[in-house]
């Protein structure tokens, strides 16, 4: 009798042919099953990682932290804001007020009124973060401005300007003018660093210091000097500029808009921004350093808003074009 006259089963599929050519056998036993065991272990590891990411993702862990639980039990997120900065937060409206509301809704999604804005000044924000009056601050705070705070990603970068009332001084270099500034402000700190940088006569090398070689006397023609005057408040600073005591004053863009555009009123003398580049300020969301979960959740919010374009939309909506 002829065996298998119709040749049933002799035709092999591509997968079977591949296994036959490669010498791989579908068995879990012994040396021949090593490949299949490796594949199954790898698949199991991938499935486990997916499950861990789904159920133990960073935000889930952060939402279980002590500080978030405390906020949930209270039912509101207390946010420190500036109430006097048009475009950022004034009358509960602005870029920073909007960020506060979005962050509060993310932390307390089931609350009808999750955000409570607490107006603070640059001088009081540190104390309010430390004593727990506010959970976070979104108040034109550059990174490092409050030493005891943790900071999120940057949500807005503001330029530091030299402002003058004389258009003939716009193109002058800072060392050619008398500059007024407020040392205690963030913009004043940026300007102080700028002055230190441009007036530096150079540092000795490590070898020269170790050998105690005398520092070379710089060429007087190459030394840059800067005439500056310090003031205690913006009112004093602007008054000095108006009187002509200084040629230009140092201000961040948000403050230029507030004092020279939003509050100046009709008939005010025009102001001009000098062409010299002084520096910039990166505004961040701040929380007490012992509550890192809040800034980490803020990081996630800001990142997602950047990627989706929502942050750009809000900046365009609230922040005046002269500041952007």
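All of the numbers you see were taken from the coordinates with simple rules; none came from a lab. What you are looking at is a predicted structure, and each value in this text was computed from that prediction instead of being measured. As a convention, Cβ positions derive from the backbone with ideal geometry for all residues, glycine included, and neighbour counts pool all protein chains shown.
By counting other Cβ atoms within 10 Å of each Cβ, how are 182, 136, 41 ranked from fewest to most?
Values: 182 21, 136 29, 41 10.
Ordered by Cβ neighbours within 10 Å, fewest first: 41, 182, 136.
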Checklist outcome for this item: Expressed in nanometres to one decimal, the distance between label points 7 Å along Cα→Cβ at residue 290 and residue 269 is 5.0 nm
Item to check | Nitroxide proxy distance, nm - points 7 Å out along Cα→Cβ at residue 261 and residue 154 | outcome: 2.0 nm
Checklist entry - In which sequence would 133, 295 go, from the one with the fewest C-beta neighbours within 10 Å to the one with the most? => result 133, 295
Checklist entry - Quick one: 284, 115, fewest Cβ neighbours within 10 Å first, how do they rank? => result 115, 284
